[in-house]
Ligand code: UD1
């Protein structure tokens, strides 16, 4: 297994290119299942999670050619309607195949994802939505089996805003008979992006990006050529890295309007964040101010930025409280940060962070994608040589992170295998 070696102490300077959004790309590969023909996806990030979704659509019968950032997906020979456990266990987002398969073929069989490192993460809201659209949903041998001659539009109120649930039901409703209204929807930019793609394919979706989405079902959809929005979480991660190292970094190809809550926290902590051309510039100098943050559905502070922001607070002056309200078990980075000298106490869903003057390098273990990114950031400022183990978690969601950080002046290298 590869590891990263990071020698801390360099501040980051220069320009970094932000890749396409992983969480926008994954549902977009699934949406291709809704229409027969040849799709082109552009600005696709080169990531292990993308390889996993490509494997899944290939398994279903799609032909995928090309290399990120441009992939050609031909969906005229789909011949399977199931997503086996091997795919779903690698990546939960594989459950997003359920909606499109059910809508297009009247049948889908997708493995239940089960729990994951950051919590139980049920898909009850997805299933409730399919049932409301008239599908018969059963759980058989660890699989969700959904069947419907034809889906019919319905009014569905989500118990809580779920990104994947909103996306799955939106895709299914696009080909249903009649009108669907979804209430209490997730408002993430990736949901809006999916609606944009659906509409380019001939669907009729209105309101995505707000908590109420209306979908007028259509009989048929056409293939699409689409460039994916920039990854706001990758961008946010580099923003924290730039700030904590006292750097000056231009993030090229990203959208400040998708990152207002993260930018506001960085400014509160003492950094400067400005829109510049097609990107965002972050400049900062210690000392940082301690500030509290609570994760919320969009447009609140993203749970996917909680771990990275916590590292900045580890070095801020004073005490901050970081509360995680979206997932129940998302503090796995805390014990590893403690091994690097951070002073953090977990109290239920909150982490109380008392700023320390410095972090010191250690060998640390990556546990999930964003926790790993946080440890990499900690390594950039820790005294000495930090070794990050199990970096396959980072490779799921950060394209070329070693090259991008090194390009900004960080002293970081990937060590192959168990060396
Ligand atoms: C997506 C993102 C993930 C991000 C998360 C929250 C993708 C591929 N992943 O995950 O990076 O951390 O949004 O911003 O886009 N829930 C239920 N029942 C359901 C569905 C969800 O109780 O049927 C709960 C979850 O357990 C969680 C909360 O709702 O506590 C939000 O989850 P959700 O928005 O669905 O996250 P994902 O779509 O899985």
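All of the numbers you see were taken from the coordinates with simple rules; none came from a lab. As the structure is a prediction and not an experimental result, all values here were calculated from the model. Cβ placement follows ideal geometry from the backbone for every residue including glycine, while neighbour counts extend to all protein chains displayed.
By how many degrees, between 0 and 90 and to the nearest 10, does the Cα long axis of helix 232-244 differ from the longest principal axis of the chain?
Compared with the principal axis, the helix lies near 0 degrees.
Using alpha carbons only, how many angstrom separate the centre of the range 195-263 from the centre of the range 1-64?
14
Using label points projected 7 Å from each Cα along Cα→Cβ, tell me how many nm separate residue 390 and residue 76, to one decimal.
4.6
Go ahead and set up a Gaussian network model of the chain, Cα springs under 10 Å, then flag whichever of 328, 190, 131 fluctuates most.
Among 328, 190, 131, the largest mean-square fluctuation in the Gaussian network model of the chain belongs to 328.
Please give the length that would be gained between residue 159 and residue 346 if that part of the chain were fully extended, namely 0.36 nm times their separation in residues minus their C-alpha to C-alpha distance (nm, one decimal).
Extending this stretch completely gives an extra 64.6 nm.
Mind running the shape call on the range 83-147? Use the C-alpha gyration tensor, a ≥ b ≥ c as the square roots of the eigenvalues: rounded below 1.5 for a/c, prolate if a/b tops b/c, oblate otherwise.
Verdict is prolate for the range 83-147.
Any chance you could give the angle, 0 to 90 degrees and rounded to 10, that helix 369-381 forms with the longest Cα principal axis of the chain?
20
Summing -39500 (n - 2.57) over the DSSP H runs of n ≥ 4 in the chain and dividing by its residue number, what mean residue ellipticity at 222 nm do you reach, to the nearest 500 deg cm²/dmol?
Mean residue ellipticity, 222 nm, calculated: -9000 deg cm²/dmol.
Can you pull the Rg over Rh of the chain, Cα-only, Kirkwood?
0.98
Say each of residue 319 and residue 260 gets a label point 7 Å from the Cα, pointing the same way as Cα to Cβ; how far apart are those two points in nm?
3.2
Compute the Rg to Rh ratio over the range 46-98 from the alpha carbon atoms, using the Kirkwood formula for Rh, and round to two decimal places.
The Rg/Rh ratio comes out at 0.95.
Would the range 79-234 count as rounded, prolate or oblate if I go by the C-alpha gyration tensor, calling it rounded below 1.5 in a/c and otherwise prolate when a/b exceeds b/c, oblate otherwise?
rounded
Could you please state, rounded to a whole Å, how far the C-alpha centre of the range 156-193 is from the C-alpha centre of the range 273-350?
29
Would you list 386, 295, 166 from fewest to most Cβ contacts within 10 Å?
Final ranking by Cβ density, sparse to dense: 295, 386, 166.
Take every Cα pair under 8 Å in the chain that's 6+ residues apart, average their separations, divide by the length, and report that relative contact order as a whole percent.
This gives 21 percent for the chain.
With axes computed from alpha carbons, what is the tilt in degrees of helix 163-174 against the longest principal axis of the chain, rounded to the nearest 10 within 0 to 90?
With both axes taken from Cα atoms, the answer is about 20 degrees.
Given a Förster distance of 30 angstrom, what is the FRET efficiency for residue 283 paired with residue 406, based on the Cβ-Cβ distance and rounded to 0.05?
0.90
Let me have the relative contact order for the range 256-375, percent, based on Cα pairs under 8 Å that are six or more residues apart.
So the answer I get is 22 percent.
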